[in-house]
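Quick notes on the structure that follows.
The values are calculated or read from the model by the stated rules, or taken from the named source; none is laboratory data. Everything numeric here is computed off the predicted structure, so don't read it as measured data. Cβ sites come from the backbone with ideal geometry, for glycine too, and all protein chains shown count toward neighbours.
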Amino acid sequence: MIDVVIEPLKPSLNLEPVWRELEARADAPFFLTWNWMGPWLATIEETPFLLTAWAGDRRVGLAFLMLTNQRRHHWLSVPTVFLNRTGDEARDVVTIEFNDVLAERGLEQDVRRAVLARLTSCDRLGDRRYAAIAWYGALDSLTADFDRSALPWRVTQSTGSAFVDLNAIRASGRPYLDHLSSSTRRQIRRAIALYEKRGALALEPARDVDEALHFFDLAGALHQQRWRARGKPGAFAFPFYVAFHRQVIRQGLPRGAVELVRVRVGTVPIGYLYNFIHEGHVYYYFSGFRYEDDNKIKPGLITHVLCIERHIELGNAVYDFMGGNERYKRSLGCSGPDMIGVVLEHPRPLLKLEAALRYVRHRLLKFGTPNRVGFARDRLG
């Protein structure tokens, strides 16, 4: 029997040793470790609810909950409980993946189902009511647990992922490039040859926190240049994003949980990567590349290839590109699990109306309507 207790996080509670103690008894991804959660808690400037799952007197699960009015369709405001997120787009831009409850090894499903039962059987958090539960950044393998919950649920976001099995490459005895398609190999070798006409290619990891923060800022400048050219703000336009990740770097780099690497040709940097590392799993998170007009120059591909080869040598197990359907991820790795966002909803009248309208819209898009009324004929993806 697992009991779930939810209460406002007490300012007097030193949560770090509590969290790290359970973390040591869990098989958790980086995003559920204190190296992510600690900086998140320090940066959100709000007091979340702390969810604790107990098996008798043993703590077996931990998570954070936030209750926020989620704006939908520019008119519907839905009080929503968010798991390990704030519900504020300007802060959730940091994008947690593999989102779940931190749970003791072997009890993950039991804890998750107990948490879902608690959240779906009640509609209050503190003295406020909620109408929905948002679980974003979850693995699609969790859908069986959502199916068992007491509330209807739907997928609101979905994206593929990709990864490189570093153990399999080492076991094969063949170089990493030999595992790629002939087209990808050709592009990479051509780009390397063009770069080496200018100077030697070299990868260098940041040696300390100050250098890592410097790499992060330089990567950010290149990232912003690329996204602004596309008419989009870029991640560094969000102050919370920058403040949070500077905290992650300060805390995680000395522990070996964070790396920032720079690839240069001669003395000229061409790419930066910001990765998380946890129990042999390397999570690629952020990058900045020096693009050129010549599309035969591939700074992103080359930077990733050199970093992947570094982690093969270091003995790590997985190089994870995480969520995203970008072509380069599929070219450099193989398909991984889908990452999904799920919303579970209590049967409120407005939400029933929204569901009915959503169903009508889906039917119209699926089967099409006469062109004169202006509806799209495309089938929903």
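Some observations on this one:
- Matching residues, the stretch 30-56, being part of a strand (DSSP E or B) and under 12 Å from N84 (Cα atoms): F49, L50, L51
- Criterion: farther than 30 Å from V242 by Cα, among the charged types (D, E, K, R), assigned to a strand (DSSP E or B) and touching a strand residue (DSSP E or B) at 6+ places or on another chain (Cβ under 9 Å) - qualifying residue of R59, R112: R59
- Checking every residue in the stretch 189-202 against the condition of being modelled with pLDDT of 95 or more, assigned to a strand (DSSP E or B) and in contact with a Phe, Trp or Tyr (Cβ under 9 Å, 6 or more places away or on another chain) gives at least one match.
- Considering the conditions (1) among the small types (G, A, S); (2) within 21 Å of the chain's Cα centre (by Cα); (3) surrounded by fewer than 21 Cβ atoms within 10 Å (Cβ to Cβ), A26 is excluded by exactly one of them, (3).
- The criterion of being farther than 19 Å from V115 by Cβ and either of a type in the set (D, E) or surrounded by fewer than 19 Cβ atoms within 10 Å (Cβ to Cβ) (or both) does not hold for G56.
- Within the option set T33, T68, being under 20 Å from V343 (Cα atoms) and touching an Asp or Glu at 6+ places or on another chain (Cβ under 9 Å) holds for one residue only, T68.
- Residue list for the stretch 317-343, restricted to those being of a type in the set (D, E, K, R) and part of a helix (DSSP H, G or I): R327, K329, R330
- Condition check for A235 on (1) in contact (Cβ under 8 Å) with a residue 60 or more places away in the chain; (2) surrounded by fewer than 19 Cβ atoms within 10 Å (Cβ to Cβ); (3) small (G, A, S); (4) more than 18 Å from G323 (Cβ to Cβ): one failure, at (4).
- Some residue of the stretch 140-148 being under 26 Å from the mean Cα position of the chain (by Cα), buried (at least 19 other Cβ atoms within 10 Å of the Cβ) and assigned to a strand (DSSP E or B): no
- Screening the stretch 149-182 for residues that are of a type in the set (S, T, N, Q) and surrounded by 17 or more Cβ atoms within 10 Å (Cβ to Cβ) and picking the one that is modelled with the lowest pLDDT gives S149.
- Residue that is farthest from W54 (Cα to Cα), among those in the stretch 77-121 that are small (G, A, S) and more than 22 Å from the chain's Cα centre (by Cα): S77
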